[in-house]
Structure formats: C-alpha cells, structure tokens
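Enquirer: Dropping the structure in here first, questions after.
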C-alpha cells in the first residue's frame, strides 16, 4: 500500500496514459492571478530556471535558488511569462509541463532542484560530462556538477597531496556508493582499509570522530566528493579552527603510507593468516543472520539488553550465555560483538576477544558495513597490543 501511494505521488494516470505528477506545491490559495515564469540568459536565450507565482514573485530574489541567483550575477538575464491568468493548480501543472518540455526538447540546463519524473534529462546537478572516469587503484577527482561546469566554467580538481603533517590527526569519512568502491578498489577495499589503519597506527596518527576537532589535521575520504561540498567544509574549518584542513583520498593515503613503511623497514601484518576461532560456540557457518525487519531480530535485541544488564552487575556467566543465545539466533550485529568485547576485555581474556573480532570481520562487509568494519578493525589492533 505504501508503495502504491509513493507511485501516485510521483505519477498521475489519465486518458493520455501515465505521466509525472506536478512537482510544485499547491498552497490552496484562491484566485486566477497566478502565472508561470522563466529566467533566461539574454545573449543565448538559454532558460535556466522555471517557477510559478503571483504578484512580484517572478522578479523577487529567490533564497533557495542560489545557483540561479549566481547566474543572474554573472550574465545579463531577463524574465518572461510562460502564461498568466491561472489558478494555482493550473500554474503548478504548467510549471511541470514547461520543465518537462525544456528537459526533453532542448539542451538547456535547468537549475531547479525539483524536476518532474520521467524526463529525458535530469537537472544540472549530476556530475559534469567532463568528469574523469573512475580508475582502479587511482584516487578520483573532486567533481563539479553540470551547472557549475557550464555556467561558471568550474572543473574537477584532484584531492590534496598527502603530507606527513596532515596525517597527525585524521577523520575517516565513510562511503555510500558501492559501484564506485568496486571501480576504484576492485575486491580490495577491505584490505586497503585494514592496511591503512595499521599503518596509520604505526605512523602515530590519531583517528578522531569529529571533522572539526581541534586535533584534526586531515580528512580521509574513501570515495569521490563534490568540490563545492569540500570547499564548504574547508571554509567552515577556517572559520571554526582558524586553519584549513586538507582533503585526502584513501587511495593516496594508502600509497603514501606504503612508501613510508618501505622506506622505514616496517612490515605489515599477515592479512592472509587464518582468523582465530573459538570452538566453544555454534559455528558461524551454521547461523543465518537476522534481518532488521524480522520480529525475531527485536526479540533477540531484548536478549542482548538483558545480557548487558547482567554484565553491568558483574554476572558475566549469565551475560555470555545470553549473548551466545542471541548469536545462535542470528543476531550478528555490532551491538552483539561490542557486548562480547566489553566482557572479555574486563576479564582479560584477549584471545577470546580476538576470536570474536575475527568473526565479526567475516560477518561485516567492508563496503556495506564500513563503519562497523572499521570499528572492529580498530578494536582488533588494540587487542593485539594486549597479547
């Protein structure tokens, strides 16, 4: 039912078939003095913004349409009406129809953030056509969108070159684009993260959680970023911290640290070693991971909560039995492993803690569960120092 409602919100069905529902808002105001207008560049006739309104809306400053306002500053522009004397609903519908016409029948780049569904082209906020493609084991570029490239002649730029000073305190900015990770890292994303964390530790780097912490000297991104967003963060750092922060890509940091390790005779740990296994529990291969949509997931979450209560009172035997119960039921999530870690760390049983860390690294995908994967990797490094 929810999916049907989503479909109806995006599309309307009429005698002429299925088409996009209007993207504008109908505020319910009465009258037939509404209109649809557009802004265009005088020299080229290129339409860059379409809107609906009444009164002086067509010539008023638009706070939310900041790209369109920047175009008006840089070019000689004008406005014109597509049609006047409309009800608000008629204006909402015509606004969408005009945007659809422009995106389907011209090569103009609209700066409207919202556009109708089903158009031949999107608005100009996607990556610019000249953005270099992804390459294996190569840091991508800080990209600009099509509007920035076309109207303001901006171009993609490389991430900042890695320096030793920039690695004194870093944040790890987690990725979301699975296709990009595959293109840039191949099947080695987990290995690159693991080696980078190990080398950062050897380098004496402090990994912090806040990108504007006083100790931050560099940001490490695992995927490409839009140039304007990185510049915004740098401006904020300059304002908040009184200094700019370099933006690094994980690939470049990994290469830098590998070269540093080679020059200093530092060996990486054997990543091909067999994980430590605690044979006192149900084998991982015999457990099916619960989905968060399963009712059983929430029942087992309560079991973990009970285990944590027992742990806080020092009843570790009961806590471990409850955690084993949740694990066997398929509650293979970071909250389970963190609860195990705390108990075995307090008991000083670091080999058992290590066994569970190795198990968690088998459960979590380095690309899909990257935050949990990194947290377990950092935990594992701390455990190894105890052994």
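The values are calculated or read from the model by the stated rules, or taken from the named source; none is laboratory data. The shown structure was predicted, so the numbers you read here are calculated from the model rather than taken from an experiment. All Cβ positions, even for glycine, are placed from backbone atoms using ideal geometry, and neighbour counts span all protein chains on display.
Enquirer: For residue 257, which of the numbered conditions (1) closer than 14 Å to residue 328 by Cα; (2) at pLDDT 90 or above; (3) not assigned by TED's automatic domain parsing to the domain that holds residue 362 fails to hold?
Expert: Residue 257 satisfies all of (1) closer than 14 Å to residue 328 by Cα; (2) at pLDDT 90 or above; (3) not assigned by TED's automatic domain parsing to the domain that holds residue 362 except (1).
Enquirer: Which of the residues spanning the range 279-316 are over 35 Å from the mean Cα position of the chain (by Cα) and at pLDDT below 95?
Expert: Of everything in the range 279-316, those that are over 35 Å from the mean Cα position of the chain (by Cα) and at pLDDT below 95 turn out to be 279, 280, 281, 282.
Enquirer: Kindly indicate the residue of the range 37-74 that is in a strand (DSSP E or B) and without any contact (Cβ under 8 Å) to a residue 40 or more places away in the chain and also nearest to residue 92 (Cα to Cα) among those meeting that condition.
Expert: 53
Enquirer: Name the pairs: first residue in the range 261-272 and under 10 Å from residue 199 (Cβ atoms), second residue surrounded by fewer than 11 Cβ atoms within 10 Å (Cβ to Cβ) and modelled with pLDDT of 80 or more, Cβ to Cβ under 9 Å, at least 6 apart or on different chains?
Expert: Here the result reads 261/267, each pair linking the range 261-272 to a residue that is surrounded by fewer than 11 Cβ atoms within 10 Å (Cβ to Cβ) and modelled with pLDDT of 80 or more.
Enquirer: Does the range 83-91 include one or more residues that are under 32 Å from the mean Cα position of the chain (by Cα), part of a loop (DSSP other than H, G, I, E, B), surrounded by fewer than 17 Cβ atoms within 10 Å (Cβ to Cβ) and touching a residue at least 24 places away in the same chain (Cβ under 8 Å)?
Expert: No, the range 83-91 contains no residue that is under 32 Å from the mean Cα position of the chain (by Cα), part of a loop (DSSP other than H, G, I, E, B), surrounded by fewer than 17 Cβ atoms within 10 Å (Cβ to Cβ) and touching a residue at least 24 places away in the same chain (Cβ under 8 Å).
Enquirer: Could you tell me which of the residues 119, 100, 163 is assigned to a helix (DSSP H, G or I), out of contact with any strand residue (DSSP E or B) (no Cβ under 6 Å at 6 or more places or on another chain) and over 21 Å from residue 226 (Cα atoms)?
Expert: 100
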